[in-house]
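The values are calculated or read from the model by the stated rules, or taken from the named source; none is laboratory data. Quantities reported herein were computed from a predicted structural model and do not represent experimental measurements. Cβ sites come from the backbone with ideal geometry, for glycine too, and all protein chains shown count toward neighbours.
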Amino acid sequence: MFEALNKCLDRLESVAMVVFMSIATILTTIQVVYRYGFSGSLFWAEEVVIYSIICMSFVGASMGVRHGTHISVDVLNAIASPAVNRWLHMIAALIGIVFAGFMTYYGFVLYFSTLDRGQLTAALRLPMAWFYLPIGISGVLLILRYLWVINEVWKKPPVGLSEELVAGSDKLI
């Protein structure tokens, strides 16, 4: 079940990143051409680019958990045994789930309260709530990714640097 969900989320996140990156890149290029080539501009382009980059950041957070590319201090992981390493990864994932839970809850609270107020964006005149929705969705994606990390760590404990050095020295002899 985790593998099927993981593949589905990978595909969804990849497509979302390509779409948001394409929107930001194309609109920025068009805006530069309009500004310097025609001495004009698209009044809404900057706002769309900013919201695209924000959405990329939230999707990227989930991708970072999936690929293990978030910034971390690996000193303990480097010297710990696989059994201790397993628990370090699980504790980190549980802390991540707590954070993502808050992010989900308060992201959706922000979405619904902004939706009730009817606040509109400055240039696009679209409901501002739509641009707060990725916060809650990203929290849900993060929870799913951290659960996947816990599942993977439970199946196979991560190897620390000390274990890698021992395994590597056997090959040298």
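Give me the pairs: first residue in segment 8-36 and among the aromatic types (Phe, Trp, Tyr), second residue in a helix (DSSP H, G or I), beta-carbon distance under 6 Å, and six or more apart or on different chains, which are they?
Taking only residues 6 or more apart or on different chains, the pairs are PHE20/SER52; PHE20/CYS55; PHE20/MET56.
Starting from segment 109-123, keep only residues that are free of Cβ contacts under 8 Å to residues at least 24 places away in the same chain, then list their pairs with residues that are surrounded by 14 or more Cβ atoms within 10 Å (Cβ to Cβ) whose Cβ atoms are within a distance under 6 Å, requiring at least 6 positions of separation or different chains.
Close Cβ pairs satisfying both conditions: THR114/MET128; THR114/ALA129; THR114/TYR132; LEU115/ALA129; GLN119/MET128.
Scan segment 1-54 residue by residue and report those that are among the polar types (S, T, N, Q), in contact with a Phe, Trp or Tyr (Cβ under 8 Å, 6 or more places away or on another chain) and at pLDDT 95 or above. Quick ask: steps written out before the conclusion?
Filtering segment 1-54 for residues among the polar types (S, T, N, Q) gives 6, 14, 22, 25, 28-29, 31, 39, 41, 52.
Narrowing further to those that are in contact with a Phe, Trp or Tyr (Cβ under 8 Å, 6 or more places away or on another chain): 6, 41, 52.
Once the filter is applied, which keeps residues that are among the polar types (S, T, N, Q), in contact with a Phe, Trp or Tyr (Cβ under 8 Å, 6 or more places away or on another chain) and at pLDDT 95 or above, segment 1-54 yields only SER52.
So, in segment 55-85, of the ones that are modelled with pLDDT of 90 or more and of a type in the set (Val, Ile, Thr), which residue ends up nearest to THR121 (Cα to Cα)?
Out of the qualifying residues, it is VAL59.
If TYR34 passes every condition in (1) more than 25 Å from LEU5 (Cα to Cα); (2) surrounded by 15 or more Cβ atoms within 10 Å (Cβ to Cβ); (3) in contact with a Ser or Thr (Cβ under 9 Å, 6 or more places away or on another chain) but one, which one does it miss?
Of the numbered conditions (1) more than 25 Å from LEU5 (Cα to Cα); (2) surrounded by 15 or more Cβ atoms within 10 Å (Cβ to Cβ); (3) in contact with a Ser or Thr (Cβ under 9 Å, 6 or more places away or on another chain), the odd one out for TYR34 is (2).
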